[in-house]
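S.K.: I'd like to ask some things about the structure below.
Readers should treat all values here as calculations from the given coordinates under stated rules, not as data from a laboratory. Small disclaimer: the values here were computed from a predicted structure and weren't measured. All Cβ positions, even for glycine, are placed from backbone atoms using ideal geometry, and neighbour counts span all protein chains on display.
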Amino acid sequence: MSLLPLPKQFDQNEWFIIISIGVLVLLLIFLPKRFPTSITILLITFSMAIARVVDHLLAGPSINFYDVLDSGKYELFDLLCYVPYAPFAYIFVYIYDHWKIKGLYTSFYILVFSLMGIGFEWLTTTPLIEFFKYHNWKIVYSLPIYLVIQPITLCFYHLINKFHDDSLKKNTIASAD
Amino acid sequence: MTGNNLVIIQKTSNTPKGPIMIKLAGFISLSLILINSIFTYKKKTPILTLIFVWLVIEFFFTSFISVIVDNAEYWKVSKNTKDFIIFRVAEVIVIPIVMLFYLEVIHAKISVKFKMMFAVIWILLLFCVESLLVSLDIFNYTKWQIGWSIAVWFLFLLLVLLTQSLFNKILRREGVI
């Protein structure tokens, strides 16, 4: 018995995680800086934590919806397997902020990204990656999850941005006095 | 009180679902009180730091539970759905908020001696929550030793302090605090 088992074999799903980490690093290096460091860290942490909590809550005592990676156990690579959500969430907020999407376009934007998320998730279930192994889950069930999580991500972004700006203003005024 | 009413009351109290529903209602109420408190409390810790620490706790605490329950099987969680919901409420809401309150308490300008005293109090408080769950048969220890709980709560409080300190440094550099 091991507390954090190593992968049964180091195969495509582990490589998928490593490549995702690489993509995230490249995005952070090469995309023009749009957000303060604290906001970027919060966005990345939020996307990983929310994915972790949703996965954890869906793992019930009597039903197994899906396994992530090689087994139903929590492996060492499971700690890193939430990293692939981070570049996705970062790009999602980055484009939203860059194009200043507003009004009804926001709903359309969320729908497009949710469908892209579904497409990406489908790709991770194929033998090419084998990241998710569905048992009592169908890919269509993920659509409402994306449609809930993505508006929450945008609300979270607006909220932390407001807190950041308010604190910055307050601090600037205080130091000027 | 008529005889008929008495019979109805006896039947209700003898229903096996009764105590479980009381436990569930109690824990949901406790979590709602804590959520209300954390939102309404006049915070001394910067809000962005609190959000970051909360996300980190959620990620690592749910991971810890997966390791202890699913991998090592040190804790055996009740198969009853309502008990399982209580367990999830405790791990995702109650315990993280209790840990966040620790940050609020030690943020006040008190001496190191008092800060250490509060750390001991908080470890005992977290241990009390854990013991309450055990005494209510929400989960049971299998190969777990009580001393390990103290060590785990100490490490989590340490994680809280470290993440707070790191994030505060970033905010200070950005001029937010």
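S.K.: Let me spell out the model: positive unit charges on the Cβ of Lys and Arg, negative unit charges on the Cβ of Asp and Glu, origin at the Cα centre of the protein assembly as shown. What dipole size does that give, in debye rounded to 20?
M.R.: About 1060 debye.
S.K.: Right, here's the next one. Going by average Cβ neighbours within 10 Å, how do the peptides B:162-171, A:24-33 rank, with the highest at the top? It would help to have the intermediate numbers written out before the result.
M.R.: Working: B:162-171: 17.0, A:24-33: 11.2.
So the peptides B:162-171, A:24-33, ranked by packing, come out B:162-171, A:24-33.
S.K.: When a/c is below 1.5 the answer is rounded, else prolate if a/b is larger than b/c, else oblate, so apply that to region A:1-41 with a ≥ b ≥ c taken from the square roots of the Cα gyration tensor eigenvalues. Before the final figure, lay out the partial values.
M.R.: Numbers: a/c = 6.96, a/b = 2.18, b/c = 3.20.
Cα axes put region A:1-41 in the oblate bin.
S.K.: Output the 0 to 90 degree angle, nearest 10, between the alpha-carbon long axis of helix A:104-125 and the longest principal axis computed from the alpha carbons of chain A.
M.R.: Between the helix axis and the principal axis of chain A, the angle is about 30 degrees.
S.K.: If you don't mind, another one. Per-residue Cβ counts within 10 Å, from other chains only, averaged over B:59-67: what number is that? Kindly include the intermediate steps, with their values, before the conclusion.
M.R.: Values: counts 10, 3, 3, 8, 7, 2, 2, 10, 9.
Across B:59-67, the average partner-chain Cβ count within 10 Å equals 6.
S.K.: Give me a single rounded figure for B:68-76: the average over its residues of other chain Cβ atoms within 10 Å of their Cβ. Walk me through the numbers before you get to the answer.
M.R.: Details: counts 2, 2, 5, 11, 6, 1, 2, 0, 0.
That average works out to 3.
S.K.: I'd like to know which of A:Ile145, B:Thr163, A:Tyr90 lies farthest towards the positive end of the charge dipole of the protein assembly as shown, counting +1 on Cβ of Lys and Arg and -1 on Cβ of Asp and Glu.
M.R.: The one lying farthest along the dipole's positive direction is B:Thr163.
S.K.: Could the peptides B:110-118, A:91-99, A:76-84, A:6-14 be put in order, highest first, of the mean number of other beta-carbon atoms found within 10 Å of their residues? The partial results should precede the final answer.
M.R.: Details: B:110-118: 11.6, A:91-99: 16.7, A:76-84: 19.8, A:6-14: 14.0.
Most protected by this proxy first, the peptides run A:76-84, A:91-99, A:6-14, B:110-118.
S.K.: Across peptide A:69-79, how many C-beta atoms of other chains are within 10 Å of each residue C-beta, on average?
M.R.: Numbers: counts 0, 0, 2, 2, 5, 11, 3, 0, 0, 4, 5.
That works out to 3 on average.
S.K.: Still on this structure, please answer the following. As a test of the formula, what do you get for chain A when each DSSP H run with n ≥ 4 contributes -39,500 (n - 2.57) and the sum is divided by the residue count, at 222 nm and rounded to the nearest 500 deg cm²/dmol? Mind showing how you got there, number by number?
M.R.: On the way: 5 runs with 115 residues, N = 177.
Result for chain A, helices only: -23000 deg cm²/dmol.
S.K.: Something else about it: Taking a ≥ b ≥ c as the square roots of the eigenvalues of the Cα gyration tensor of chain A, is the shape rounded (a/c under 1.5), prolate (a/b larger than b/c) or oblate? Write down the numbers at each step before the final one.
M.R.: Details: a/c = 2.05, a/b = 1.69, b/c = 1.21.
Here chain A falls in the prolate category.
S.K.: Before rounding to the nearest 500, sum -39500 (n - 2.57) across all DSSP H runs of length at least 4 in chain B and divide by the residue total; then give [θ] at 222 nm in deg cm²/dmol.
M.R.: -25000 deg cm²/dmol
S.K.: State, as an integer percentage, the relative contact order of chain B based on alpha-carbon contacts under 8 Å between residues 6 or more apart.
M.R.: Numbers: 128 pairs, mean separation 53.1, N = 177.
Over chain B, the number comes to 30 percent.
S.K.: Please say if the protein assembly as shown is rounded, prolate or oblate, where rounded means a/c under 1.5 for a ≥ b ≥ c the square roots of the C-alpha gyration tensor eigenvalues, and otherwise the choice is prolate for a/b larger than b/c and oblate otherwise?
M.R.: Numbers: a/c = 1.56, a/b = 1.19, b/c = 1.31.
In terms of gyration-tensor shape, oblate.
S.K.: In whole Hz, what ³J(HN,Hα) sequence does region B:133-141 give by Karplus (6.51, -1.76, 1.60; θ = phi - 60°), x for Gly and Pro?
M.R.: 4, 5, 5, 8, 6, 6, 8, 10, 7
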